[in-house]
């Protein structure tokens with residue numbers, strides 16, 4: 001029931017597709033259960049637990065999560081003892097692997113960018129590129145490994161304080177390697193194993209941990225490897241298994257996820273297995289080991305289980321041992337050594353000092369004679385070269401000898417437990433008696449409450465009668481007060497109307513004075529705006545003259561060389577014929593467009609002046625109407641009618657010149673854009689033209705003469721661009737000043753009208 005077949009993991013398809021899978025995958029689906037064969041027909045297998053002490057970063061993140069994480073708090077709460085427990089366990093197990101796995105990944109690309117940042121910081125420090133054949137993409141390519149494969153990769157609930165702590169950690173490859181005790185140990189172990197001719201399967205429950213192993217160890221050390229995870233399609237999975245089996249000299253390692261690579265694969269080409277993190281179900285780890293330890297294996301198999309001492313992994317491993325003990329007891333009808341009692345399974349979320357190593361000490365106490373063998377095997381795998389002797393490994397335990405001895409029968413419930421149960425039973429009897437007495441007392445109190453409630457109802461009825469009489473009196477008083485208030489309101493309204501009339505008269509005088517003051521200020525603003533327009537117009541005229549001078553200078557440069565690229569007269573340089581023709585054409589075009597732009601500017605200025613004059617005439621006509629006074633049509637005087645006719649004529653003229661002004665502005669803007677493009681084109685063509693200068697063929701020209709000619713030519717073209725930009729800026733300044741002048745004139749006319757009203 002705990003095993004899966006090849007078809008369940010996608011390695012065997014229907015009858016038509018099954019033939020396409022290479023034979024390197026091993027036994028057929030119906031023989032998967034017997035893949036390990038008889039133990040006696042296989043070489044020895046030794047399983048060891050490598051106890052690791054966590055890094056300083058792991059300890060800080062782990063303790064901070066225990067203290068501040070809301071997810072851990074909910075897991076410890078009786079009211080929340082559900083799915084939160086498994087999410088909290090997954091979080092703590094991720095911190096056992098690497099602190100960076102506790103960071104929240106808010107988007108699918110967040111993990112990709114973290115790995116990309118680490119890769120970019122490595123630069124030239126990267127080792128020889130590792131061979132990853134069969135289409136195995138690096139973890140940062142196109143997000144292939146970005147999505148979590150299972151719950152081990154899900155982000156969840158580390159808490160704000162933990163996330164702030166983790167965000168401050170450096171992200172370089174060296175830093176990522178130093179922050180995880182597992183990566184540090186594996187980085188020292190793999191070269192030692194590969195140098196001794198061993199081939200290694202590396203299992204992890206999470207894709208992200210595989211990404212870190214690939215980035216920080218395999219690629220950094222240049223170890224050839226293959227990779228199989230949930231993103232690997234069926235055919236690629238089969239191809240990579242075949243490549244690993246058939247090319248032992250090319251691929252020394254294979255990265256696999258426990259959920260995918262731990263089922264249905266025949267990888268007897270490997271004789272070393274590394275389990276980076278223990279699974280909750282011990283059968284899952286057993287299946288992973290069976291990928292190498294099965295029929296077809298001819299070498300001794302060594303399995304290394306990485307366990308972080310004292311942390312969540314340690315406690316999950318204890319539960320694994322407990323589960324396997326129950327399974328073996330049921331299947332073999334023997335009382336195997338019980339390493340842990342049921343009470344020791346609790347307390348998952350309590351801090352335990354990693355240096356204590358209670359699980360390690362307890363296991364070693366039952367297998368002292370096997371520990372020497374374990375150390376010898378580890379030494380043959382290079383433990384003295386750094387992966388054990390230099391840390392972070394602090395101990396080895398013989399996992400294979402866990403159930404080699406049968407203990408004496410032990411009672412599940414000892415004498416102390418029986419005494420505690422009896423004591424609790426007595427306490428429960430006393431509690432029952434107390435509850436019964438409390439119930440009787442509560443009944444008496446309830447009877448007293450009912451009597452008091454009845455008395456309160458009677459009092460409430462009397463209060464209701466008195467309240468009705470009080471309400472009637474209050475209504476009468478309210479009516480009398482309303483009549484009095486109405487009389488006072490009428491008196492107050494009359495007083496307010498009188499005061500309002502006086503205030504209106506005073507306000508009218510104030511408005512008259514304000515209007516006169518506003519007229520004077522508006523006249524001053526209009527005069528200031530007119531002076532600004534005059535200054536801007538003079539600046540625009542001067543800028544236009546500068547443009548004309550710059551055009552003349554460029555024309556002089558172009559006269560040095562004909563369109564055929566040959567020097568004219570005694571000039572010392574030739575140019576590329578195509579560049580010369582392009583420069584001449586661009587210059588002719590820019591001269592036309594600049595002339596058109598300057599003409600459009602003058603037309604716009606004339607239109608602005610016409611609008612200003614029309615606006616003044618209109619406001620004079622309006623003021624004349626106000627001066628003559630209004631009235632009904634039949635009672636208007638000839639002067640009033642003449643003033644109104646003049647106003648209508650001025651309105652038509654004003655509307656006409658405004659339309660002309662808008663068209664002039666549009667033509668001016670269009671001409672400006674065309675001139676700007678032409679200037680850009682002539683500068684580009686001129687630059688290419690000047691760069692193509694070379695000594696004239698029909699006369700001896702020195703390199704200094706060529707450079708001097710190029711400098712003069714470039715300065716002329718540069719001056720043209722600067723002059724045009726200055727002219728354009730001065731025109732824009734004039735446009736803004738003209739608009740301000742028009743607004744100021746309108747405000748002045750409006751103020752004059754208001755003062756005359």
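Yes or no: residue 380 farther than 22 Å from residue 53 by Cβ, within 49 Å of the chain's Cα centre (by Cα) and modelled with pLDDT of 75 or more? Steps first, please.
Working: farther than 22 Å from residue 53 by Cβ: yes; within 49 Å of the chain's Cα centre (by Cα): yes; modelled with pLDDT of 75 or more: yes.
Here the answer is yes, as residue 380 does meet what is asked.
It is to be established whether one or more residues within the stretch 708-720 are assigned by TED's automatic domain parsing to the domain that holds residue 558, touching a residue at least 40 places away in the same chain (Cβ under 8 Å) and not in a helix (DSSP H, G or I).
No.
Of the residues 236, 204, 172, 181, only one is surrounded by fewer than 19 Cβ atoms within 10 Å (Cβ to Cβ) and under 30 Å from residue 354 (Cβ atoms); which? Lay out the reasoning, then the answer.
Values: 236 fails: under 30 Å from residue 354 (Cβ atoms); 204 fails: surrounded by fewer than 19 Cβ atoms within 10 Å (Cβ to Cβ); 181 fails: surrounded by fewer than 19 Cβ atoms within 10 Å (Cβ to Cβ).
Just one listed residue meets the conditions, 172.
Under the condition of being part of a loop (DSSP other than H, G, I, E, B) and in contact (Cβ under 8 Å) with a residue 24 or more places away in the chain, which residue from the stretch 82-105 is surrounded by the most Cβ atoms within 10 Å (Cβ to Cβ)?
If we filter the stretch 82-105 for residues that are part of a loop (DSSP other than H, G, I, E, B), which is where we start, we get 82, 98, 103-105.
Then drop every residue that is not in contact (Cβ under 8 Å) with a residue 24 or more places away in the chain, which leaves 98, 103-105.
Values: 98: 26, 103: 21, 104: 14, 105: 19.
Top of the filtered list is 98.
From the list 518, 539, pick out the single residue that is under 19 Å from residue 744 (Cβ atoms) and either surrounded by 13 or more Cβ atoms within 10 Å (Cβ to Cβ) or not assigned by TED's automatic domain parsing to the domain that holds residue 686 (or both). Steps first, answer last, please.
Details: 539 fails: under 19 Å from residue 744 (Cβ atoms).
From the options 518, 539, the qualifying one is 518.
Does residue 672 satisfy the criteria of being in the same structural domain as residue 572 (by TED's automatic domain parsing), in contact with a helix residue (DSSP H, G or I) (Cβ under 7 Å, 6 or more places away or on another chain), over 28 Å from residue 598 (Cα atoms) and assigned to a helix (DSSP H, G or I)? Even if it seems obvious, please write down each step before you answer.
Values: in the same structural domain as residue 572 (by TED's automatic domain parsing): yes; in contact with a helix residue (DSSP H, G or I) (Cβ under 7 Å, 6 or more places away or on another chain): yes; over 28 Å from residue 598 (Cα atoms): no; assigned to a helix (DSSP H, G or I): yes.
No: the conditions fail for residue 672.
Check off (1) modelled with pLDDT under 85; (2) over 30 Å from residue 584 (Cβ atoms); (3) assigned to a helix (DSSP H, G or I) for residue 728 and give me the number that stays unchecked.
Status for residue 728: all satisfied but (2).
In the stretch 197-209, which residues are more than 17 Å from residue 251 (Cα to Cα) and not in a loop (DSSP other than H, G, I, E, B)?
Of the residues in the stretch 197-209, the ones more than 17 Å from residue 251 (Cα to Cα) are 204-209.
If the condition is that a residue be more than 17 Å from residue 251 (Cα to Cα) and not in a loop (DSSP other than H, G, I, E, B), then 204, 207, 208, 209 are the ones that fit.
Yes or no: residue 696 without any contact (Cβ under 8 Å) to a residue 24 or more places away in the chain and in the same structural domain as residue 572 (by TED's automatic domain parsing)? Walk me through it before giving the result.
Details: without any contact (Cβ under 8 Å) to a residue 24 or more places away in the chain: no; in the same structural domain as residue 572 (by TED's automatic domain parsing): yes.
When the stated conditions are applied, residue 696 does not pass them.
May I ask you to verify whether residue 545 is part of a helix (DSSP H, G or I), without any contact (Cβ under 8 Å) to a residue 12 or more places away in the chain, under 60 Å from the mean Cα position of the chain (by Cα) and more than 26 Å from residue 744 (Cα to Cα)?
Numbers: part of a helix (DSSP H, G or I): yes; without any contact (Cβ under 8 Å) to a residue 12 or more places away in the chain: yes; under 60 Å from the mean Cα position of the chain (by Cα): yes; more than 26 Å from residue 744 (Cα to Cα): yes.
Criteria met by residue 545.
Here are 534, 539: which of them is touching a residue at least 60 places away in the same chain (Cβ under 8 Å), out of contact with any strand residue (DSSP E or B) (no Cβ under 6 Å at 6 or more places or on another chain) and in a helix (DSSP H, G or I)?
Values: 534 fails: touching a residue at least 60 places away in the same chain (Cβ under 8 Å).
Exactly one of 534, 539 is touching a residue at least 60 places away in the same chain (Cβ under 8 Å), out of contact with any strand residue (DSSP E or B) (no Cβ under 6 Å at 6 or more places or on another chain) and in a helix (DSSP H, G or I), namely 539.
Listed here are the residues, each with its yes/no results for (1) in contact with a helix residue (DSSP H, G or I) (Cβ under 9 Å, 6 or more places away or on another chain); (2) modelled with pLDDT under 85; (3) farther than 23 Å from residue 184 by Cα.
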site: 31; (1), (2), (3): no, yes, yes
site: 41; (1), (2), (3): no, yes, yes
site: 64; (1), (2), (3): yes, no, no
site: 94; (1), (2), (3): yes, no, no
site: 123; (1), (2), (3): no, yes, no
site: 126; (1), (2), (3): yes, yes, no
site: 142; (1), (2), (3): yes, yes, yes
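Based on what the data block shows, is residue 109 assigned by TED's automatic domain parsing to the domain that holds residue 256, at pLDDT 55 or above, more than 23 Å from residue 319 (Cα to Cα) and in contact with a helix residue (DSSP H, G or I) (Cβ under 8 Å, 6 or more places away or on another chain)? It would help to see each step written out before you state the result.
On the way: assigned by TED's automatic domain parsing to the domain that holds residue 256: yes; at pLDDT 55 or above: yes; more than 23 Å from residue 319 (Cα to Cα): yes; in contact with a helix residue (DSSP H, G or I) (Cβ under 8 Å, 6 or more places away or on another chain): no.
Spelling it out, it is not the case that residue 109 is assigned by TED's automatic domain parsing to the domain that holds residue 256, at pLDDT 55 or above, more than 23 Å from residue 319 (Cα to Cα) and in contact with a helix residue (DSSP H, G or I) (Cβ under 8 Å, 6 or more places away or on another chain).
Consider residue 268 against the criteria (1) out of contact with any strand residue (DSSP E or B) (no Cβ under 6 Å at 6 or more places or on another chain); (2) farther than 29 Å from residue 86 by Cβ; (3) in a helix (DSSP H, G or I): it satisfies all of them except one. Which criterion is unmet?
(3)
Quick one: which of 369, 446, 423, 437 is modelled with pLDDT under 80 and closer than 30 Å to residue 308 by Cβ? Let's see the steps before the verdict.
Details: 446 fails: closer than 30 Å to residue 308 by Cβ; 423 fails: closer than 30 Å to residue 308 by Cβ; 437 fails: closer than 30 Å to residue 308 by Cβ.
Criteria check complete, one pass: 369.
Does any residue in the stretch 233-259 that is over 18 Å from residue 194 (Cβ atoms) come within less than 6 Å, Cβ to Cβ, of a residue that is in a strand (DSSP E or B) six or more places away or on a different chain, and which pairs are these?
237/228; 240/226; 240/228; 258/203
Yes or no: the stretch 505-512 includes at least one residue that is touching a residue at least 12 places away in the same chain (Cβ under 8 Å) and within 60 Å of the chain's Cα centre (by Cα). Talk me through it step by step, then tell me what you get.
Initially, the stretch 505-512 is screened for residues touching a residue at least 12 places away in the same chain (Cβ under 8 Å), giving 512.
Checking the rest, the ones that are also within 60 Å of the chain's Cα centre (by Cα) come to none.
No, the stretch 505-512 has no match at all.
The values are calculated or read from the model by the stated rules, or taken from the named source; none is laboratory data. Quick caveat: nothing in here was measured; it's all calculated off a predicted structure. Note that we place each Cβ from the backbone using ideal geometry, even for glycine, and neighbour counts take in every protein chain shown.
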